Structure formats: C-alpha cells, structure tokens
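Below is one structure, written out as structure tokens; comments come after it.
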Protein chains: 4
Amino acid sequence: MTERLSVAVVGAGYWGPNLARNFAASPDWDLAVVCDLDAQRAQGVADRVGGVPISQSLDEVLADPSIDAVAIATPARTHHPIVMAALAAGKHVSVEKPLADTVARGIEMVDRAREQGLVLLTDHTYCYTPVVMKIRELIAEESLGDILFIDSVRINLGLIQPDVDVLWDLAPHDLSIIDFVLPGGIDAPTVTAQGADPLSAGRACVGYLTMPLAGGAIAHMHVNWLSPTKIRQMVIGGTRRTLVWDDLNPQQRLSVYDRGVDIAEQSKVTTTDARAANISYRLGDTWSPALPEHEALAGMVAEFAASIREGRGPRTDGASGLRVLSVLEAAKASLSRAGAPHPVQNTSRVSEPQS
Amino acid sequence: MTERLSVAVVGAGYWGPNLARNFAASPDWDLAVVCDLDAQRAQGVADRVGGVPISQSLDEVLADPSIDAVAIATPARTHHPIVMAALAAGKHVSVEKPLADTVARGIEMVDRAREQGLVLLTDHTYCYTPVVMKIRELIAEESLGDILFIDSVRINLGLIQPDVDVLWDLAPHDLSIIDFVLPGGIDAPTVTAQGADPLSAGRACVGYLTMPLAGGAIAHMHVNWLSPTKIRQMVIGGTRRTLVWDDLNPQQRLSVYDRGVDIAEQSKVTTTDARAANISYRLGDTWSPALPEHEALAGMVAEFAASIREGRGPRTDGASGLRVLSVLEAAKASLSRAGAPHPVQNTSRVSEPQS
Amino acid sequence: MTERLSVAVVGAGYWGPNLARNFAASPDWDLAVVCDLDAQRAQGVADRVGGVPISQSLDEVLADPSIDAVAIATPARTHHPIVMAALAAGKHVSVEKPLADTVARGIEMVDRAREQGLVLLTDHTYCYTPVVMKIRELIAEESLGDILFIDSVRINLGLIQPDVDVLWDLAPHDLSIIDFVLPGGIDAPTVTAQGADPLSAGRACVGYLTMPLAGGAIAHMHVNWLSPTKIRQMVIGGTRRTLVWDDLNPQQRLSVYDRGVDIAEQSKVTTTDARAANISYRLGDTWSPALPEHEALAGMVAEFAASIREGRGPRTDGASGLRVLSVLEAAKASLSRAGAPHPVQNTSRVSEPQS
Amino acid sequence: MTERLSVAVVGAGYWGPNLARNFAASPDWDLAVVCDLDAQRAQGVADRVGGVPISQSLDEVLADPSIDAVAIATPARTHHPIVMAALAAGKHVSVEKPLADTVARGIEMVDRAREQGLVLLTDHTYCYTPVVMKIRELIAEESLGDILFIDSVRINLGLIQPDVDVLWDLAPHDLSIIDFVLPGGIDAPTVTAQGADPLSAGRACVGYLTMPLAGGAIAHMHVNWLSPTKIRQMVIGGTRRTLVWDDLNPQQRLSVYDRGVDIAEQSKVTTTDARAANISYRLGDTWSPALPEHEALAGMVAEFAASIREGRGPRTDGASGLRVLSVLEAAKASLSRAGAPHPVQNTSRVSEPQS
C-alpha cells in the first residue's frame, strides 16, 4: 500500500474548511496542520475535522520536513509570496484561483515550480465535477465535431465583492472550464470585455467577455450580480452535435443534441445561391448521459496526490491557471477601454518543459 | 361612423399575407389591392382574404387616387425607392423593418414623410404585442425604477439567410423592443458587436451586440442561428424591480421581481469598506401580470389608421426605425473591425418637427 | 395509380371543418359533400376547402352510390342512428369518439360493420400523432419491458361542458392512447372513479379514474377543468425503462429514462430481508427521440383509406372505440357509487371475426 | 431571561441526528443526552453536536428528574410503549410521524397526555416549513375562498421500504400538510386507496389516495417509488384563487393564481342552458410571495418549547397525528379491498378537553 502524503492547509477563511474536510477524508492524504494568522479561525476548521494541529506561522509549517505539500486558500494578492516560499521550501503546491493577481507573477510561479520539479496545481474545482469531466470526454472523442461556439451564462443576485469586479469574481469559473474541455486549452489572441456599474458600486456588476477560438469559433460569457433569477448554463455548439449544460437542473444537467446545420463542403467556395442550396438542417435525438455523483474537491485532492506520486503535471496545472489569468488581465484592459479588443499574453512558452 | 381608409399591400412574399389578412379583418380599413410583380403570388394572397383585386404594377397602384395608404413588405434594399415613390404619390406608408438598407436612405425617407405631412410607420410588430406594451407601461410608470441593464437572448436553430447576417436578421427585433420601452428610445453613443461564422457560411451565424445606455446602464443582445434549443428571453433590471420576459412560456410570459441590490446613497462617495456596509439585498415577491390575448399585427393596423386620422406620428414611427437602423449600421462596422466600439450616428435631428 | 375514394363529411360543427380540410388535402380522397342540417354551417365549411357541394339531407348522401365512405362528426348521442344508417347503405364509416353513448349501442354498430364487411374507424386522433406512434413502437419492441404503471394528467382551466362531466370530456383521450399503445389494448376487469363538483356545476369538474392492468400494473388518470395551470403529461413505467411524455414541451416532448428498480428474480419468493438485499437501482441515461412533424388527422385520413383498400381493420377500429366506451361507462357507475370498483363489460367477443 | 428546558433525544438512526442538531443549536433547549440501544450510533450523534452524554437505557433517561422532555425518533411500532413510558414519567413528548402504528394505540397516547397535562407533539416537520406556513395563512385569511380541490403528487425513484408500503411511507407528508392548512384539519368521512405492486416487491410501490372534503371538495394524493422523475407538487384550488406549490422550484416555490371559474349563484338551481350562460372564467395575475429561509426543524423545536412554557397544545399536536393516522388506517383497509371506499374513524372526541 502507498504511504500517505502529508499536507498543510494554509488559509482558514471561506474555502479552507472545504479543503481541510476533503484532505482529511482522503485515503491519499494526512492533514498535518491548518495554518492561519487568526488562531481562532484555524482552530474552528481543525475542530470540524476531528482535531488537527494548528499553526499561526507559515514559516514554521514550511520548515517542517515531514510536510509534502501545501494547499493555499488565501486572498489572490497573497498567492505569489506564499507559493514562492512554499516552492522554495520544496513543497508541492495547490493554489486557489486565480493563480495570481498578475500574469507576470503567475509566470514566475509556474517557472519556479518547473525548475524545482514540483507540482503546482491550480484549484479549478469545476474541472473535477462529473459534468465537466464528461464534457471534456465528449469533446476529446469528437462527439461534438469541431467546436463552433461556446456561450456561458452565470448570473444571479450575487454578493457585490469589495475588491474585484464581476468578471474577476465569476468569469474564472467559465474560463477554467473552457480551458479544461478544449483540447490544448484556451488559445485566444485577443479578448473583448464590456461591463457596467449602473449602481455606482465602484466596479462592474454586469460583465460580458468575448474571445475568438480556433477555426473561426467564438466564446462568450455573461456574468452578472444583479439578475433576480439564477442561471448557470453553458452551450457548446459543434459541427456534429451541440451540448447544453444546465447546472441548476439536477434531473437533466447535461443534454447532447444531435441537431445542427450542415454545409456541404464544396459549397463553401461557391456563390451565395449555390451555398444556400447546400445547407441542410439536422433534427435528431437528444441524449442526456447519466453522471456519477461525487464531490468535485475530492477529485482535486486525489489528482493532486496522483500527480505528485507519478511525477507529472496535474490535470489543472499552473499553465492552465496562467491561461485563465492572461484572459482576465486582457479583459480588464479591454473593459477599461470601452470594450476595445485587447491582445492576450501568450503564456504557452512557460508551460513547456525546458530542454 | 368613420369612413374606412383604403390600403394597398405591396409584396406578397413571407409577410405580405399577414398584412393582407389583418387589413382585411380590420374595421378601419378596406384592402383595395394586393400588388406583386409575381401575379400568381399576389393572387394566392388575394384569394385567402376573399377575392381582393391584384396588380403587378406599383405605378398603377400609386396612381389610384382612391388609395390612402400602402403597406410595404418587400426586401429591405427595395424599401427606399418604393417608399419614396409612395410618399411622392401622397400615400401614407407602413414599411417592414429594417426601415432601409442604409441610414442615409432612411433619413431621406423620414425627412420626406415629414415634409409631406404623411405618416411613415415602421412595422416593428413586436411593439404591438401585449407583453411589450405592458413592459413599456411598467417602465413608464417607474415600476422598475432606473434601468440598470437589459439582456436579451434570441437563439434557435434558425434558417441561415442568404443575404444578411444573424445580427441584421434577428437583432432588429430586440432593438425595436428596447427602443419602444425606453422613454425617449435608444440613445447609445457607441455600439460593439462580435460575431462568428464558424461554418464558413459567408456571414456571421452567432452574434453579440452591446451598447451603453444612459446612467451607466448597458444593453446586450445575443442572437444565434446555431443553437439547438430555442430561447427568447429578455431581462430588464432596474433599481426598484427587475422583469424577465420569457416569450416561450405562455403560462408565465412576464415576471416582475421585487428583488435587487440597494446601495445607500451616501455610500457611493465613500471608501470601499463603508460602501460594503451600505449594500443590502431585497428578496421580495414576484408578480406575473395577466396579459390580454390579441394579435400584434391587428394593433399595428389600428395604430396606422389612428395616426393617419389624428394627424400624428405613429407609435413606431420612422424615427424609431431610423434609431434601430443606426445601431445596426454601427454594429456592422464594429463587427468588421473585430468588435472595436463604433459610434452610432445620431438621427434625432431628423425626427424633430421643422420650424 | 390508385383511384381516389369518395367521402362525405357529416356534421359541420367543431370537428367537421378539420375533417373536411384533411380529406380535401389528401391524395387518397375526394371530398364529395359536406352534410349538415344547418346549410349555412355546411356552406362555411365547404367554402374553406374550395367549394365542395353541400347537402342538408343525410338520406340523400347515403343514397348516392358514388360515395364510398362517410366521416361522422355529430354529437355522441346521434352516432348510433347515423352510423347504422350509413352501414346499411354500404358505406365505410369513421366516427368521432366516443363511439356511442352506451356500450350496448356501440356493440350493435361494431357487429353490424363486421357483418357487412365494412370498415368502422373510431377517430381517436391522438393515436395518429407522432409521439403516440413512437410510444406504441417503443412498447411493441419491448424497450420499456413489462409495463408497471401508467399515470396520466390532463388538467387545465377548461370549458365546463353543458352535457358531459370532465371524465367523459377528457378521459377518452387518455383511454384511447392507453388502448393504442398497450399490446392487445385495455383489458381491465374493473375500474374505479372519483370526482367532485365543488362549484355545483351539475357535473364532476375534477375526476380520477383508476384501473388495474395485466401483471399487477395500474393505470391512473387525472382530469380537471379547474386547474389554473395546464398539464398534459403521461408517465409509462416499465421494468426496463420508463417514458415521460410532456405534450406541452415541444423541445422535448418524449423522454425515455433508463432508470428504475430491479428486483432479482429469486428474491420475490423469499423473506422481506432477503428481498431488500436483492433490490437495486438503475440510474442510466435519458434519451429523447426526435419526432417527425405531421398533422395527426392526415394520418387518420390515410389509414381510413388504406384499411378500406386492404380490406382490413383500421388501427383505431370499432373494437378500440368499444373498449374505451366500456371503461367510461363503468367509470360513470363507479362515480355514482362514491368510487366503489365497478366491473368493465368485456367487449372482446364482438371484435373477433365470426367463424 | 427564560431558563432552558432539558431534552433527551431517543433514537439515533435516520432522523435522530437532525433532532439532536436542532435541539443543540436552539436557545430554548439544553440537549441533555442522546439515547440509543446501540452505543456507537448514539456516540456518533453526540460527537457531531459537540460531545453530549449518551445512554443505552431509556429507563435511566426517564428516571432523570432534570429532563423535561423527550424527542422520539424510533420506528413507528415502538412509539406506543416509549411514549406511554415517557408520559408516565412526567415528560413532555415529541414523536416522529406516524404517531403510532394503529389508531387505537394513538388514541391511548393522546388521552394519556391530556390526562397528565403534558405536551404531545407529532413531528409533522413539513408544517414548520415557510411555504406550508404561508399556505395555511393564505387559506386562513380566505385568499383562496372556499376550497374546491387539493391534488398532491409526491413521486420519485425512491427506496422501497422493507416494512411499509408507499402510502405509509410518503402520504403522511401530504396528509399532515393538508391537515395543517385546512381550518379544523382533515374531516373526511371516507377514503379510497388504490395501489399496485407490479414488481412483486411485497407491498404497494405506486399508490393513490382520495378523500372527500367539506362542501363537495376532494383531496387526492399520488405517491410513487417507481417514477424516474421527481415531482413534489400540490395544487389547492379555491373559489377565489388557486395555489400551486412546486417544492423543487426554489426560485418560485409558491404561486397564487387569480384564475378560475365563476358560477353565478342563482344559476345553480336552474336549467343546463341557463347555467352555461352564467359560467365565466377569470384570467388574472399570478403572484409568488417571497418566503423566508429557515430550517423547518428549528421551528418545530421552538414550538415544542413554547407549547410547554405556555401550557397549550402545540401547532402539530397529538390530535393532528391521530387524524393523519386514521386516514392511513382507512386507506390500508380500502387498498386491501380493491379500492372500495372505507370509513375513517372519527377521532375528534379524544382531542377535546375533558370536562
């Protein structure tokens, strides 16, 4: 039997308790310590998982040679120093999204992990849900054909965040999912973003983000804190089939439609009329695959352990976190310029193994 | 009792039969003639309304002094010459949307009608539906408060049009509705549009259109010919209430939510923390008003007659058609420049009475 | 090419115009005459199908040797005399549901048609819809396995009929469908019916009808004129799969669920505990077959012609009308006795060929 | 400030942990002990609420004079002996539904509690949900007018219980709700029940229960363990308004429809034609009241304390448990006689204070 790995959870705020609970319940891990500057918060989390030690000192935790990995759930602006220190101490790292507050800092983190031969996992939790794993599988096996468009809506009457706008708050979910299900991940040269702050809340409360995808396709996200109704829906249209994921419909979360438009290949180069004659419409069956029930975070925790043991990059590695971050940074720039298209920094270099 | 007005329907294609049926059934109108270059098509339409005369000659129709008005349902590129000829002949005119194929031609038409003192009605049919009239009323009586955002989705597996892209095909519906329900109509300085033609169909099949509204608000439209599921939904968020119009739910087409975010006025100028402290959330009742059942086109036909008799502009006048057209033209320009914001030509001057 | 058959439509009330329109449009039929005591009503129907002759005399119509068949859409209490006269005149007959107002009269009609070698079709229109034909096919090919239960809900704010209660108004739809999709048709020994007339309208406005099916299964119908929401849903549960037909959801009218309870065969005879141990639950995929779009009545009209030409019983023959009628009559008796189970008259004898 | 009451939770199976958690969190109660024959189960529950004492001896618990009340969550067949012992020991009692396994035993329990002047609460948890409390309020204030019909559907792919059929498993929910919202509670003279066991599971897996209500109204329940889709819906039709409660729609759980049929009063005694002339249909607005969010069991726990302190019967008293039980017992009898109507034992005598 494999020996368990030892992990420290750093940050006992909103997400830390979920991490602690899942590491504690995992056969792969020993939860060694919960670390937070606020001892009371750390103790609260430790109590709920049956009495794990706590620490107020990150240095102490990192200095402990028995600890293999740290799972970081602190505010985004603190990711860079904590991750860099953890890597310097030889620890494998999982870190909340967004990976960092700037692309430049994110690149440093990813580079450093690669140099040290350590695992750096971005906790894109949605990518470990059964439905997203199924979507990735459907695309990988070419059930959808070529991707034509992705349209995502994530709206709700939501908490107006004190420090980030609605794009930084919600779009990372959509971007991390799109990055995960597209073979090769997001590779958009530019992005446009529109937003509005009609309540004068100090930041955009309604946001739209658009980016071109390979082959003339397009991805679009609508995020909104002001909607009275809650919608979490993503449509991924393909040449063969189109899927609709309605996350609020537990009875039929994922539907795959064998419907679409077919254009005969030769018609693409001919005249308008000839082209019209070669368009046809498919109205086939709909299929809704059964999905297993399991908690996404348990999957992340298992993948973190597996990637460490197998010496490989995790499914949601630092590079994926970097791609998401690059789009967010470009979206911020576009938003500040009234929606003018803004180039996305290409971070693919950093994610390749060095020769 | 008022005497009936006499009308000619010009164009017996897709929309003409609906016009003919509604004019024939109206107590305000005598349907004098159905006019189309294709006699067989004209006859088909005439037969279905009980044997009205037909004509293949527009000149003949316009020369007939007994005819008060013409209702034009021909392709958009023909609107300018036909409308100009009808106005020159002293006829009142209703014309299919879009008003014209360019803003410049649309302005000529509107100017000419005003000079002649004739009614020019743009047939924005949706504006005569019970639900849109109710929405206009709710906004006018300030039930929603200040408008914060408008989000419209109109997607379906739709016919790829041979001559126009999805924005020109579908967005006029949304734009005409928004223009109608907003007091003062659309007044956006710029517009951005994104689109994709991932099937190489020769025109955008997926489109997004965004424009700023007064007071920091935003309007956004998603139109799509490639979606396997049909959605026709508009959300209009306000400071007091938010409405959701789901046109495919006949049992609850319109819902008004007394839910939202309130920001205490003084907080808007203070620091982040103080501001957070002054945000509150309302979770009140939902209300779905009963809507009368009547055909929209019957309302348009009645409004056309009333505006002629009362010597006033119709509810959907030429100026509204011009505002919609200006946004479409700007959207086309933005689309061709990868979504860069494009100014919208201000046409308000032309819609004002000349001194 | 086959020669067309000649048909007279008798009855120009609510349903007659639909019959006339479909016979007129059919390649199988010549619509010879529309017959109604009220000449004006007959003329109205005749006009709408392009000027067919009318008649006010049934005798005249039946005496015409060029007429092959009559399609009867008169009130239920008149079915017996009209059908008997038509059969006596050697005409094939289609007749509105319910077949007759009593089982005894229905039996006479079916017996007479058989003796004469004439087709007697009961117009169970729902049985010609694409969705019901698909359901029949799924059951016939054993996709559902053994039937476990059928539950049908048909409720709406409906017109309170002047002469029949809600069970006689609405349940014939459900019964004819169940009869059509079950191999062998309805074969229930007893039926129970409950109802209520809480508005003192003079007849039940809410009704429930239950009957045992073969193999311990059960069928249940809920019909209701007082519901503010409209529901038309039927669930058919089987040992292999279960289907849900939601007739008000055009985007997914029919869903087939690979979900259910499995009981290992040996467990059925053992003790409670052993049995519990042998129960398992399947949570498989859901599948929604694409359905063709066509008008049901066109299918009925084609089947009427085919059964005449091929000298065979039609898909919805007199015997099926008789089975539905027997259940309705028994339900009436149960309702009048506070829901006590009432035997259903077995009419299967009459539908068999005589030796 | 009021002193806390002391409670023992008896039974640490499925429901006990929820009771323990809510009593532990309540400002009204001290959770003194968790009692179960199985020490390990008791300890598990005690641990999760922060280390309460456990006991394996009911006698010991009842002998403790510091304990004011016991909350019983053991199997139904054990309710009678445990409740009688607790009452004999002078403890107030809350007990899981159904109150007992027979009406006769239930009557003994209710009589005994009354004689002793102790509170006996039946834990009809649904009656403490915000939605059911709102429904009761709407009916009490006559928003619905006279009740015309109640139709409840509670179906799902559910666990086949080893000891009870689907009516005893699920219908107590519907019956306790109906009893709670109807002024005066359920007062049905008879009940009919149909069921089926098509899988030979040893008990009905599909069940229907019907009972007449005052004024010619009707109540009907459909419970089903074999449905692939989950529905939890109750419609309550009234002369003024009708409400629909869809418990699986958190965004609009309760809708109140101002729709219905109106019959002019004088018409009820006149002829059919006159009556028809006096029927009209209302199609008014729909209204969905906002509902507070709170856990139902917290409300039960508070009501238990309040009824003890105020020396009054609780909202869901023993008598309500008895009314529900009487219907279930009659339903069982009806089911065993093929759905023949069966009289419901009138238990109202026992719930009245003795003079």
- prompt: Scanning for something at the interface with another protein chain (Cβ under 9 Å from one of its Cβ atoms) and either more than 19 Å from the chain's Cα centre (by Cα) or closer than 21 Å to D:LEU99 by Cβ (or both), does segment D:163-177 turn up at least one residue?
  reply: yes
message: So, in segment B:202-259, exactly how many residues are assigned to a loop (DSSP other than H, G, I, E, B) and either in contact with a Cys (Cβ under 8 Å, 6 or more places away or on another chain) or charged (D, E, K, R) (or both)?
response: 6
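So which of C:LEU99, C:LEU148 ends up being in the same structural domain as C:SER326 (by TED's automatic domain parsing), of a type outside the set (Lys, Arg) and touching a Ser or Thr at 6+ places or on another chain (Cβ under 7 Å)? Before the answer, list the steps.
Numbers: C:LEU148 fails: in the same structural domain as C:SER326 (by TED's automatic domain parsing).
Only one candidate qualifies: C:LEU99.
Hey, does segment A:29-40 have a residue that's under 19 Å from A:HIS92 (Cα atoms) and small (Gly, Ala, Ser)?
Step one: list which residues in segment A:29-40 are under 19 Å from A:HIS92 (Cα atoms), which gives A:29-36.
From what is left, the residues that are small (Gly, Ala, Ser) are A:32.
Yes: one or more hits.
Could we say that C:PHE149 is at negative phi, surrounded by 19 or more Cβ atoms within 10 Å (Cβ to Cβ) and outside any helix (DSSP H, G or I) here? Steps first, please.
On the way: at negative phi: yes; surrounded by 19 or more Cβ atoms within 10 Å (Cβ to Cβ): yes; outside any helix (DSSP H, G or I): yes.
Considered against the rule, which asks whether it is at negative phi, surrounded by 19 or more Cβ atoms within 10 Å (Cβ to Cβ) and outside any helix (DSSP H, G or I), C:PHE149 comes out as yes.
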task: Exactly one condition in (1) closer than 29 Å to C:LEU167 by Cβ; (2) at pLDDT 95 or above; (3) in a loop (DSSP other than H, G, I, E, B) is not met by C:PRO98; state its number.
output: (2)
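Take the residues in segment B:245-260 that are within 11 Å of chain A (Cβ to nearest Cβ) and among the acidic types (Asp, Glu), then tell me which one is nearest to C:ILE231 (Cα to Cα). Quick ask: steps written out before the conclusion?
So the first thing to find is which residues in segment B:245-260 are within 11 Å of chain A (Cβ to nearest Cβ), and the list is B:246, B:255-260.
Add one more test, that the residue is among the acidic types (Asp, Glu), and what stays is B:246, B:258.
Details: B:ASP246: 18, B:ASP258: 28 Å.
Across segment B:245-260, the extreme among qualifying residues is B:ASP246.
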statement: Those strands (runs of 3 or more DSSP E) completely within segment C:1-78 that have 2 or more residues that are not aliphatic (A, V, I, L, M) are C:29-35
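Give the residue that is nearest to the other protein chains (Cβ to nearest Cβ), with candidates limited to residues of segment B:110-146 that are in a loop (DSSP other than H, G, I, E, B) and not aliphatic (A, V, I, L, M). Even if it seems obvious, please write down each step before you answer.
Step one: filter segment B:110-146 for residues in a loop (DSSP other than H, G, I, E, B), giving B:117-119, B:124, B:129, B:141-146.
Keeping just the survivors that are not aliphatic (A, V, I, L, M) gives B:117, B:124, B:129, B:141-143, B:145-146.
Details: B:GLY117: 41, B:HIS124: 25, B:THR129: 17, B:GLU141: 16, B:GLU142: 16, B:SER143: 13, B:GLY145: 11, B:ASP146: 7 Å.
Among them, the one singled out is B:ASP146.
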Residue within segment C:130-138 that is within 30 Å of C:LYS230 (Cβ to Cβ), over 17 Å from the mean Cα position of the chain (by Cα) and crowded, with 16+ Cβ neighbours inside 10 Å present: yes
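Return yes when C:ALA76 is within 16 Å of the chain's Cα centre (by Cα), surrounded by fewer than 22 Cβ atoms within 10 Å (Cβ to Cβ), not charged (D, E, K, R) and not assigned by TED's automatic domain parsing to the domain that holds C:GLN233 and no when it is not. It would help to see each step written out before you state the result.
On the way: within 16 Å of the chain's Cα centre (by Cα): yes; surrounded by fewer than 22 Cβ atoms within 10 Å (Cβ to Cβ): yes; not charged (D, E, K, R): yes; not assigned by TED's automatic domain parsing to the domain that holds C:GLN233: yes.
Answer is yes for this residue.
Condition check ((1) within 14 Å of chain B (Cβ to nearest Cβ); (2) in a strand (DSSP E or B); (3) at pLDDT 95 or above; (4) under 23 Å from A:GLY184 (Cα atoms)) across all residues:
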residue	(1), (2), (3), (4)
A:ASP262	yes, yes, no, no
A:LYS268	yes, no, no, no
A:GLY299	no, no, yes, yes
A:ALA306	no, no, yes, yes
A:PRO314	no, no, yes, yes
task: Look at B:ALA171 and say whether it is of a type in the set (A, V, I, L, M), within 21 Å of A:GLN194 (Cα to Cα) and either surrounded by fewer than 24 Cβ atoms within 10 Å (Cβ to Cβ) or in contact with a helix residue (DSSP H, G or I) (Cβ under 6 Å, 6 or more places away or on another chain) (or both).
output: no
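Here is a check on your reading of the model: is A:ALA333 assigned to a helix (DSSP H, G or I) and touching a residue at least 40 places away in the same chain (Cβ under 8 Å)? Full working, then the answer.
Working: assigned to a helix (DSSP H, G or I): yes; touching a residue at least 40 places away in the same chain (Cβ under 8 Å): no.
Against the criterion (assigned to a helix (DSSP H, G or I) and touching a residue at least 40 places away in the same chain (Cβ under 8 Å)), A:ALA333 does not qualify.
Within segment C:203-215, is there a residue that is of a type in the set (Gly, Ala, Ser) and surrounded by fewer than 23 Cβ atoms within 10 Å (Cβ to Cβ)?
Within segment C:203-215 (the criterion being of a type in the set (Gly, Ala, Ser) and surrounded by fewer than 23 Cβ atoms within 10 Å (Cβ to Cβ)), the answer is yes, since at least one residue qualifies.
Can you name the residue in segment A:1-38 that is of a type in the set (Asp, Glu) and within 23 Å of A:GLU60 (Cβ to Cβ) and is also farthest from the chain's Cα centre (by Cα) among such residues?
So the first thing to find is which residues in segment A:1-38 are of a type in the set (Asp, Glu), and the list is A:3, A:28, A:30, A:36, A:38.
Filter once more, so that each one left must be within 23 Å of A:GLU60 (Cβ to Cβ): A:30, A:36, A:38.
Numbers: A:ASP30: 25, A:ASP36: 25, A:ASP38: 28 Å.
Filtering segment A:1-38 for residues that are of a type in the set (Asp, Glu) and within 23 Å of A:GLU60 (Cβ to Cβ), the one farthest from the chain's Cα centre (by Cα) comes out as A:ASP38.
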- request: Would you please name the residue that is farthest from the other protein chains (Cβ to nearest Cβ), looking only at residues in segment A:229-244 that are closer than 30 Å to B:TYR281 by Cβ and surrounded by 22 or more Cβ atoms within 10 Å (Cβ to Cβ)?
  value: A:MET234
query: If you take the residues of segment C:178-199 that are of a type in the set (A, V, I, L, M, F, W, C), in contact (Cβ under 8 Å) with a residue 60 or more places away in the chain and assigned to a loop (DSSP other than H, G, I, E, B), which of them is nearest to the other protein chains (Cβ to nearest Cβ)?
result: C:ALA188
task: Six or more apart or on different chains, Cβ under 6 Å: which pairs go from a residue in segment A:39-50 that's charged (D, E, K, R) to one that's surrounded by 13 or more Cβ atoms within 10 Å (Cβ to Cβ) and not in a helix (DSSP H, G or I)? Could you list them?
output: A:ARG41/A:ALA12
- request: Given the conditions (1) at pLDDT below 95; (2) within 30 Å of C:LEU62 (Cβ to Cβ), report the number of the one that C:ALA113 does not fulfil.
  value: (1)
field: Test: residue in segment A:100-110 that is surrounded by 19 or more Cβ atoms within 10 Å (Cβ to Cβ), under 19 Å from the mean Cα position of the chain (by Cα) and of a type in the set (S, T, N, Q)
entry: no
task: Run D:SER280 past the list (1) at pLDDT below 95; (2) not assigned by TED's automatic domain parsing to the domain that holds D:ASP197 and report the number of the one that doesn't hold.
output: (2)
message: For the structure I just gave you, tell me whether D:LEU175 is assigned to a loop (DSSP other than H, G, I, E, B), in the same structural domain as D:THR229 (by TED's automatic domain parsing) and among the aliphatic types (A, V, I, L, M).
response: no
message: List pairs: first residue in segment B:208-228 and more than 30 Å from A:TYR281 (Cα to Cα) and at the interface with another protein chain (Cβ under 7 Å from one of its Cβ atoms), second residue of a type in the set (Val, Ile, Thr) and in a strand (DSSP E or B) anywhere in the structure, Cβ distance under 8 angstrom, at least six positions apart or on different chains.
response: B:GLY215/B:ILE147; B:ALA217/B:ILE147; B:ALA217/B:ILE150; B:ILE218/A:VAL206; B:ILE218/B:ILE150; B:ILE218/B:THR210
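The values are calculated or read from the model by the stated rules, or taken from the named source; none is laboratory data. Remember, predicted model here, so these are calculated numbers, not experimental data. Cβ sites come from the backbone with ideal geometry, for glycine too, and all protein chains shown count toward neighbours.
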